[in-house]
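Colleague: Have a look at this one before I ask anything.
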Amino acid sequence: MNRAINATIALIEGRTDIAKEVFRDPTSDVKNVPEVLARLEAVVNKAAAKAIRNGLVRALALQPTSIPKKDPAARAENEKCFFDGVGAVEALFSSIVYDLERG
């Protein structure tokens, strides 16, 4: 039972690699290890998909700091607008990853 509790705590902490090792250990008191690992993999994938989806939704809400111009002579300014947007999305996903890693 102790190993199952340790694996559960590792899962709550987001440390799925440790939980998997606990389940696979020959002395593990967890039965049906393949079934447990399959369920664990499904849950981890679902959580990752949800985090990615939430990040994409948040990225859609980003607003430009300046509006690109239609004038072909404003190419450099328009490129700056584009890269500012790319930088904003990168910063958003970096903060999401940071928050997920902190727990």
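Colleague: For residue 49 paired with residue 2, estimate the spin-label separation in nm (one decimal), with each label point 7 Å from Cα along the Cα-to-Cβ line.
Modeller: 3.8 nm
Colleague: Lysine pairs, Cα distance under 30 Å, 8 or more residues apart or cross-chain: how many in the chain?
Modeller: 7
Colleague: Next question. Report the relative contact order of the chain, percent, no decimals, based on alpha-carbon pairs under 8 angstrom and at least 6 residues apart.
Modeller: It rounds to 20 percent for the chain.
Colleague: Grab the Cα-Cα distance for residue 90 and residue 70, subtract it from 0.36 nm times how many residues apart they are, and report the gain in nm with one decimal.
Modeller: Length difference between fully extended and current span is 4.6 nm.
Colleague: Rg and Dmax of the chain over Cα atoms: what are they, in angstrom?
Modeller: Using the Cα atoms of the chain, the pair Rg, Dmax is 21.8, 71 Å.
Colleague: Can you tell me the 0 to 90 degree angle between the C-alpha axis of helix 2-12 and the longest principal axis of the chain, rounded to 10?
Modeller: 10 degrees
Coordinate-derived values only; no laboratory data. Because the structure is predicted, anything quoted here is derived from the model rather than measured. Ideal geometry is used to build each Cβ from the backbone, glycine not excepted, and the neighbour counts take in all protein chains shown.
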